[in-house]
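The next block holds one structure in the form of structure tokens; read it before the comments.
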Amino acid sequence: MARIRRTARSTRTITALAAGTAAALALAGCSAGDSGEATADGPVTLQFWGWVPGLEDAVAEWNGANPDIQIDFFRMTGDDGDKIPAAIDAGTAPDIVQMSSHSLPGHIINNRLTDITEWAGDLEGDFTESSWGTVTFGDSVYAVPQDSGPTGLLYRADIFEQYGIAVPTTWDEYVEAGRALKAANPDVYLAQFSPNEAGLWLETVWQNGGSFFQIQDDAWQVTVADEASQEVAELWQTLLDEDLVKVVEMWTPEYWAEVNAGTIATINYAAWFPVLLEESAASTAGLWEVAATPTFGGTESAGESGGSVTVVTTTSEHPAEAVEFISWLNASDGGVEHLITGGVFPSATTGLTSDALLQPSEFFGGQVINEVFADAAERVPGTWTAGPTHDLTTNALKDAFGRVANRQITFAEALDQVQQMTVDELTAMGLDVAS
């Protein structure tokens, strides 16, 4: 019988991750060492692959202060992340790797990540509930959170002021604001619907206490089309049916042209998005402000798009030393300041009050926008459970949303289709799936 810990985050069990796979037999023995101190004879050198700008400076600071644990850093670019699974399987992977939190289950199932509970289990209080929830499975910890993507409502303050529309605080008010804007100027849309950007969907499902997956006893439960998601579907169906949103693929030249032209009045997205807006819509400087993401009735929950984590691979011979470094990098004041300087939004609670984070933004008219995102980070539900088919599921959602945009199916029908596809994929993988 699997060990199960029931918490406010959700119920997770590593047995369910590995049910039906031979890799389950190896999970119990993938850790080594007995403390967070350097235990090898002489200095230890660890290879670390990551992509955050400025990590070289963080590594240099660590190496200068820790002669017994030295870090050899490699900057990941392009498809470097795709090389990691094969490198772990071949025994040639680096000790420490930065990766998306959504990818953890697939790597755990394939016995690629060290269970670091022995050295990192007491770090829970150093991180936001939602980010810690993404690295824990049952009683086991498989990564240390690094950055996250709490959401905020980026809105064109000039447009709202011009038409006398109040900034919405709930999703019901958001729809009403869209209707008022359409009545005032039908050429300006409240927001965009971008079928190619699943993160815009994920963040709102997460805010509503939903997830694509959950664990039921020792089996995966697919919740792509559960009640939380259906409520989000109803919201977006209204926005689409009433022509309150502009259908345009995100990240394309056409999308940025619409943003620069002022035809999109709000963008509800993650804390890492403002810098991209500033880079791609410089002509709109001073016109934007950030407010809290509208809430679902009766709740104060905020949204989240997920983030990255640092893991110790099963090929590492020095997991204790590796955890000592990644704990410093992701949870200490000094390490977190390097991350913030590199442009990421930290998962560690110490970072949420950092002077480095809470700086005024000239692009946003001098507003300290990260105050909004920091507040949101502490209001994200701890309900999200990553699943082994996350990429397949999100890609299927994008395909289905393309058909929604063409009015071939509804959002509800899209969810039902992707729900069944995900169940079929998990079953094909030999995993137990709850009915």
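Considering only protein heavy atoms and a 1.4 Å probe, what is the carbon-and-sulfur percentage of the accessible area of segment 140-188?
Summing carbon and sulfur atoms, their accessible area is 48 percent of the total for segment 140-188.
Hey, if you put +1 on the Cβ of every Lys and Arg and -1 on every Asp and Glu Cβ in segment 43-117, which of Ile84, Val97, Gly64 ends up farthest toward the positive end of that dipole?
Ile84
What whole-number distance in Å separates the alpha-carbon centres of segment 356-371 and segment 54-94?
32
Report, in debye and to the nearest 20, how large the dipole of segment 53-127 comes out about its Cα centre when Lys and Arg carry +1 and Asp and Glu carry -1 on their Cβ.
300
State, to one decimal in nm, how far the label point of Asp391 lies from the label point of Asn63, with both points 7 Å from Cα in the Cβ direction.
Taking the two extended label points, one gets 3.1 nm.
Can you send over the carbon and sulfur percentage of the accessible area for segment 219-315, probe radius 1.4 Å, protein chains only?
Within segment 219-315, the accessible surface is 50 percent carbon and sulfur.
When ligands, DNA and RNA are left out and all protein chains stay put, how many square angstrom of accessible area per residue does segment 287-340 have with a 1.4 Å probe?
Computed with neighbouring chains in place, this is 28 Å² per residue.
For segment 327-379, just the Cα set please: Rg and Dmax, both in angstrom.
My reading of the Cα-based Rg and Dmax gives 11.0, 36 Å.
Using alpha-carbon positions, what is the distance between the centroids of segment 154-211 and segment 408-435, in Å?
29
Using only the alpha-carbon atoms of the chain as identical scatterers, what base-10 log of I(q)/I(0) does the Debye formula give at q = 0.13 Å⁻¹?
Values returned for q = 0.13 Å⁻¹ are -1.17.
Across segment 377-418, how large is the tail of the calculated P(r) beyond 17 Å, expressed as a percent of all Cα pairs?
Looking at segment 377-418, the distances longer than 17 Å represent 46 percent of pairs.
What are the extents of the Cα atoms of segment 341-435 along their three principal axes, in Å, largest first?
Principal extents (Cα only, largest first): 49, 35, 23 Å.
Round to the nearest 0.05 the FRET efficiency obtained for Arg403 and Ala184 when R0 = 30 Å and r is the Cβ-Cβ distance.
Rounded to the nearest 0.05, the efficiency is 0.45.
List the lysines whose alpha-carbon lies under 21 Å from that of Lys398, not counting same-chain residues fewer than 8 positions away?
Lys246
For segment 104-224, I need the span (max minus min coordinate) of the C-alpha atoms along each principal axis, in Å, sorted largest to smallest.
59, 30, 23
Percent relative contact order of the chain, based on C-alpha pairs within less than 8 angstrom and at least six residues apart?
29
If I model a spin label at Glu279 and Asp333 as a point 7 Å from the Cα along the Cα→Cβ vector, what separation in nanometres do I get?
For the pair Glu279/Asp333, the computed spacing is 3.1 nm.
Under the 0.36 nm per residue contour assumption, what length would be gained going from the current alpha-carbon distance of Trp51 and Asn260 to full extension?
72.3 nm
Return the carbon/sulfur percentage of the accessible area of segment 349-407, one whole number, probe 1.4 Å, all protein chains in place.
42
With runs of 4+ DSSP H residues as the only contributors, calculate the mean residue ellipticity of the chain at 222 nm using -39,500 (n - 2.57) per run, divided by the residue total and rounded to the nearest 500.
-11000 deg cm²/dmol
Debye calculation, C-alpha points only, no solvent: report log10 I(q)/I(0) for segment 39-94 at q = 0.29 Å⁻¹, in the same order as the q values.
-1.10
Evaluate the charge dipole of the chain about its Cα centre and quote only its size in Debye, nearest 20, assuming +1 on the Cβ of each Lys and Arg and -1 on the Cβ of each Asp and Glu.
Computed charge dipole of the chain: roughly 820 debye.
Could you give the accessible area per residue of segment 170-250, probe 1.4 Å, as a whole number in Å²?
34
Rg and Dmax of segment 204-320, Cα atoms, in Å?
When restricted to Cα atoms, segment 204-320 yields Rg and Dmax of 18.9, 58 Å.
Along the charge dipole of segment 185-334, which of Gln216, Gly307, Leu277 sits closest to the positive end, that is, farthest toward it, with unit charges on the beta carbon of Lys, Arg, Asp and Glu (+1, +1, -1, -1)?
Working it through, the farthest residue towards the positive pole turns out to be Leu277.
With r defined as the distance between the Cβ atoms of Ala86 and Glu242 and R0 fixed at 35 Å, what FRET efficiency is calculated, to the nearest 0.05?
After rounding, the FRET efficiency stands at 0.10.
Could you give the size of the charge dipole of segment 229-302 about its Cα centre, using +1 on the Cβ of each K and R and -1 on the Cβ of each D and E, expressed in debye and rounded to the nearest 20?
180
The values are calculated or read from the model by the stated rules, or taken from the named source; none is laboratory data. This one's a predicted model, so the numbers in the text were calculated from it and none came from an experiment. In this analysis, Cβ positions are derived from the backbone assuming ideal geometry, glycine residues included, and neighbour counts consider all displayed protein chains. With ligands, DNA and RNA removed, areas are computed over all heavy atoms of the protein, side chains included. Shrake-Rupley method; radii C 1.70, N 1.55, O 1.52, S 1.80 Å.
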